Amino acid sequence: MEINWLEWLGYLSSVIVAVSLLMSSIIKLRWYNLVGSILFAIYGYMIHAIPVALINSIIVFINLYYLYKIYTEKEYFKLIEINEESNYIKSFFDFYKKDIEKYFPDFKFTITGMTISLYILRNMVPAGVFIASVYDKESLLINLDFVMPEYRDFKIGKFIFEDNEGYFTDKGYKKIFCYASNHEQNAYLKKMGFEEVEHGDGALMARAIGIRS
């Protein structure tokens, strides 16, 4: 039996809404759910299922409202240095061990001997950890730049690499390096202003700091 395009639209809408519920990032959830609800609303109107169309139209506006809040609401960010004896950081590493290894497979779960070890607070909630060691006398190598899944909307990256360049330049650093272990991390680093550099040991990315064109 032939399936017409309206049926395919209904299936596609269902799949996108279902996928949105699998997103750990709130912003991704909202965007996927927005697309799914738009398609479902169109599907409902096309098949004259007015209740389906109306409820999904309402969901469209709900998603737009929350996306507007996400992109426009002023948030508070802060860097706090990590104490090597912190029990919280040990628990943090244990809890996110699998996710951390996905992006930083060679990371050793310790801050001992690291040059910079920071919590990133977002609205006073610990949302990520940034750890770096000396690459050369004027450069840092990122050992860990990890953000909890629900906060992965690039705001923390912008806060570290753009808003807080002075934190690094005040310590005498002019460049930050990082190895990209997968495509997702590579895309994130490029969005944060990193560029690929010649290196024989993996995909090394670099970002100059304290320089304005």
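The values are calculated or read from the model by the stated rules, or taken from the named source; none is laboratory data. Since we're looking at a predicted model, the values are computed, not measured. So basically every Cβ, Gly included, is an ideal-geometry build from the backbone, and we count neighbours across all protein chains shown.
Across the range 1-32, the number of residues qualifying as modelled with pLDDT of 90 or more and part of a loop (DSSP other than H, G, I, E, B) comes to 0. The C-beta contact set for the range 6-25 (first residue within 28 Å of residue 149 (Cβ to Cβ), second residue of a type in the set (A, V, I, L, M, F, W, C), distance under 6 angstrom, 6+ apart or interchain) comprises 13/39; 13/40; 16/35; 20/29; 23/29. Within the range 39-54, residues that are over 15 Å from residue 17 (Cβ atoms) reach partners that are modelled with pLDDT of 90 or more and in a helix (DSSP H, G or I) with beta carbons closer than 6 Å, at six or more positions or on different chains, in the pairs 45/53. If the condition is being in contact with a Leu (Cβ under 8 Å, 6 or more places away or on another chain) and surrounded by 18 or more Cβ atoms within 10 Å (Cβ to Cβ), then the range 1-32 contributes 13, 16, 20, 27, 29, 30. Answer yes or no as to whether residue 131 is aliphatic (A, V, I, L, M) and more than 17 Å from the chain's Cα centre (by Cα). Taking the combined requirement at face value, the residue does not satisfy it.
Which members of the range 33-49 meet the condition of being among the aliphatic types (A, V, I, L, M) and either assigned to a helix (DSSP H, G or I) or surrounded by 18 or more Cβ atoms within 10 Å (Cβ to Cβ) (or both)? Walk me through how you get there before you give the answer.
Going through the range 33-49, the residues among the aliphatic types (A, V, I, L, M) turn out to be 34-35, 38-39, 41-42, 46-47, 49.
Correct list: 34, 35, 38, 39, 41, 42, 46.
Quick one: would you say residue 172 is at pLDDT 85 or above and at positive phi?
Yes; evaluated as a whole, the condition is true for this residue.
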